[in-house]
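One structure is given here, and the rest of the page talks about it.
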Amino acid sequence: MNRHSTIRVAADSMVKRRRRMAGLSASGFSANTFLTAAVWILFFCIHPARAQMPDIYRLSDSTSNSHVQYRRFDIPKGKAVEIANLQGPGKVTYFYITDDGLPKFHPGLVLKVFWDDAREPSINVPLADFFGAFETKTIDYESRLLSINHHCYMSYLPMPFSRRARFVLANDGSEDYSRVIAYGIDYEKGQTFANEKSRLHCTWKRSNPTRESAHTLLQARGRGHYVGNFLYVNSRYEGWWGEGDTVFTVNGKAMTHTPGTEDEYGSAWAFEHTFSYLDTGYIQMENGRHRMYRWYAANPVRFGSSLTVAIQNQRWLAHQQVPSRDDYTSVAFWYQDQPQGVTLQPFSERTAPSQAVEYPKQP
């Protein structure tokens with residue numbers, strides 16, 4: 001059975017279910033009433049964002065603080081500037097940034113975040129890519145954890161720390177940086193966070209092109225949970241490029257999560273158009289470039305000793321899946337017990353021309 005046949009079968013099955021439900025009206029409970037009740041139950045009892053809303057009234061011993069700046073920053077190539085040093089215990093609740101050079105950030109600008117007394121950053125990614133703006137190209141989207149609205153880059157990722165949180169902008173590019181930056185960091189301070197061990201981590205990886213038909217988004221050791229990623233694919237294949245599965249290797253045991261790239265990122269049967277939702281988004285489809293995100297806010301991938309996240313690079317050709325060598329870039333987010341140092345590929349590798357292999361047109 002091909003994919004289109006499967007879709008027809010599913011549609012027929014849905015029609016039959018609706019007809020069976022219509023029979024409930026004979027007992028005095030209409031199908032419309034049943035459907036309305038079901039929708040409300042699902043929306044208020046299961047939807048993760050709605051489920052969190054009742055806690056908005058809950059009082060806390062914490063106090064709110066905000067670190068805001070609006071001024072010119074001069075960062076010569078090879079140098080770095082500390083933009084915030086927050087004293088704990090506390091938790092970052094919101095971070096936004098913009099500069100007067102947008103819609104494109106300086107490609108050599110790197111965001112580094114150091115938790116507590118760590119010497120190495122736990123967040124170490126190109127600033128634009130932290131928000132999903134690969135190749136410094138801004139695309140507006142709205143999601144649960146990060147968003148870009150016009151020229152405002154925003155993060156709602158909670159970031160707990162016990163002693164301090166240091167935010168640093170580094171310039172490892174080929175040119176000096178001199179622009180006016182506006183940014184703000186909202187954070188709570190309170191003893192609640194003194195014994196919290198969880199720390200947000202973020203890593204950037206590029207496979208240009210992929211090797212052995214796979215791209216590794218994350219390799220982590222310790223105890224923690226994975227909460228999502230941005231993925232950027234540059235493919236020179238005119239047919240369907242996204243047959244690759246996402247594979248989690250949790251504590252040494254591999255498991256396939258979804259049967260295809262489009263399934264993992266909130267679609268099915270290929271991507272027909274762009275979209276932006278709370279937990280999944282496919283926000284770029286142009287000239288072989290594909291940009292998407294996936295959050296696991298309701299279903300984090302938990303691990304006790306190690307986690308590897310990889311995605312296969314396969315295309316659809318002659319009614320079968322075949323290996324490809326496309327250009328994959330990702331930004332992965334996870335929480336881990338205690339801060340761990342994260343390395344970053346050098347500027348030359350990050351900005352190198354794409355080496356995606358060009359495949360002949362599908363017959």
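The values are calculated or read from the model by the stated rules, or taken from the named source; none is laboratory data. Because the structure is a prediction, the values reported are computed rather than measured. Heads up, the Cβs are rebuilt from the backbone with ideal geometry, glycines too, and the neighbour counts pull from every protein chain shown.
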Task: Yes/no for residue 232 being surrounded by 20 or more Cβ atoms within 10 Å (Cβ to Cβ), assigned by TED's automatic domain parsing to the domain that holds residue 331, within 20 Å of the chain's Cα centre (by Cα) and among the hydroxyl-bearing types (Ser, Thr, Tyr) - done: yes
Task: Identity of the residue in the range 316-344, among the aliphatic types (A, V, I, L, M) and over 30 Å from residue 302 (Cβ atoms), that ends up farthest from the chain's Cα centre (by Cα) - done: 318
Open item on the list: Would you confirm whether or not the range 320-334 contains a residue that is free of Cβ contacts under 8 Å to residues at least 60 places away in the same chain and more than 19 Å from residue 240 (Cβ to Cβ)?
Closed with: no
TODO: Residues that are under 26 Å from residue 60 (Cα atoms): find the strands (runs of 3 or more DSSP E) completely inside the range 132-208 holding 2 or more of those.
DONE: 152-155, 159-161, 164-171, 177-189, 198-207
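Going residue by residue through the range 226-245, is there one that turns out to be more than 27 Å from residue 355 (Cα to Cα), at pLDDT 95 or above and in a strand (DSSP E or B)?
yes
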Open item on the list: I'm trying to understand the selection: among the residues of the range 120-144, which are surrounded by fewer than 18 Cβ atoms within 10 Å (Cβ to Cβ) and either among the aliphatic types (A, V, I, L, M) or not assigned by TED's automatic domain parsing to the domain that holds residue 298 (or both)?
Closed with: 139
TODO: Run down 248, 347 and say which single residue is under 21 Å from the mean Cα position of the chain (by Cα), modelled with pLDDT of 95 or more and among the aromatic types (Phe, Trp, Tyr).
DONE: 248
